[in-house]
Amino acid sequence: MLTGPQNSAAAIARALAAVRERIAEAAAAAGRDPDSVTLLAVSKGQPVDAIQAAYEAGQRAFAENYVQEAEAKIEALTGLDITWHFIGQVQANKTRLIAEHFHWVHTVDRERVAIRLADQRPHYAPPLAVCLQVMLDPEPGKAGVEPASLPELLAAVSRLPRLALRGLMCIPRARGTPADENASFSRLARIRDVLRTPALPLDTLSMGMSADFEPAIAAGATIVRIGTAIFGERR
Ligand SMILES: *Cc1c(COP(=O)(O)O)cnc(C)c1O
């Protein structure tokens, strides 16, 4: 539950500072500039005041998984300079709300959804930043494009207007061993290296969560998505 001192504004600020420190250390250990890793605070299942506490502690990028829940929070926080990232499974009938409310979508895995997002991105807004979710460890019911189909999807999405194709995202197998996770992170980085071109630099690798962001940074993550290590347990 979210009641209790562990989720106070002060506790969130402390947890955020600790996570930032660990990111900086992991980046330094990998010989990388700490500023090359963006911390995304995953606020699904967290109340608006928890987001506000993180914002007051300097956090600006937040991620949500569920469109309805996100819409209410984004509206409640209108006026703050927050960058909103959508990291949940994209249902085709929810694309309009995503295109209208978010700056980034990490979980595009089929052309149909990309076409809808492109059509529905409002013209007053900048292009919607997109990552393609890649399924590295096939599991039943799991989202993501298979690596074999990725080049085709990449080509199709890169041609769409109103979208800015930025890179790749993965979620390693739940309950995988640390060695499995390292292999998945390195594999996503290699796939990106093979597919990037000067015209399509694919500068973003969205990988790593509370339990595994350090190995993800070692493998080249540029965005880590962290929820519980900042906010505590979700409701
Ligand atoms: C919930 C979620 C996260 C954050 O998970 P934590 O373990 O709480 O850090 C990251 N990425 C995705 C896609 C998620 O759904």
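A short reminder: the numbers here are calculations on the coordinates, not readings from a lab. All of these numbers come straight from a predicted model, not from anything done at the bench. Cβ sites come from the backbone with ideal geometry, for glycine too, and all protein chains shown count toward neighbours.
Closer than 24 Å to R166 by Cα, of a type in the set (K, R) and within 15 Å of the ligand (Cβ to nearest atom), is that true of K44? Outline the logic, then answer.
Working: closer than 24 Å to R166 by Cα: yes; of a type in the set (K, R): yes; within 15 Å of the ligand (Cβ to nearest atom): yes.
Taking the combined requirement at face value, the residue satisfies it.
State which residue is farthest from D49 (Cα to Cα) when the search covers only region 214-232 and only residues that are more than 9 Å from the ligand (Cβ to nearest atom) and not small (G, A, S). Break it down into steps so the answer makes sense when it comes.
From region 214-232, those more than 9 Å from the ligand (Cβ to nearest atom) are 214-223, 232; that's our starting set.
In the following step, the residues that additionally are not small (G, A, S) were identified as 214-215, 217, 222-223.
On the way: E214: 28, P215: 31, I217: 29, T222: 27, I223: 24 Å.
Restricting to residues being more than 9 Å from the ligand (Cβ to nearest atom) and not small (G, A, S), the top hit is P215.
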Members of region 30-40 found to be farther than 13 Å from G220 by Cβ, away from the ligand (no atom under 16 Å from the Cβ) and either of a type outside the set (D, E) or in contact with a Ser or Thr (Cβ under 8 Å, 6 or more places away or on another chain) (or both), listed by number: P34
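Taking region 154-213, which residues are outside any loop (DSSP other than H, G, I, E, B), of a type in the set (S, T, Y) and more than 13 Å from the ligand (Cβ to nearest atom)? Spell out how you get there, then give the answer.
Narrowing region 154-213 to residues outside any loop (DSSP other than H, G, I, E, B): 154-158, 163-169, 178-195, 204-206, 213.
Those still in the list that are of a type in the set (S, T, Y) too: 158, 184, 186, 204, 206.
Listed by number, the residues that qualify are S158, S184, S186, T204.
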Residues that are more than 14 Å from the ligand (Cβ to nearest atom) and within 20 Å of V145 (Cα to Cα), drawn from region 57-112: Q91, A92, N93, K94, T95, I98, R110, E111, R112
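Can you pull out the helices (runs of 4 or more DSSP H) entirely within region 1-76 that have at least 2 residues that are within 15 Å of I230 (Cα to Cα)?
9-29, 48-56
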Check on G227, free of Cβ contacts under 8 Å to residues at least 24 places away in the same chain and either crowded, with 19+ Cβ neighbours inside 10 Å or touching a Cys at 6+ places or on another chain (Cβ under 6 Å) (or both): no
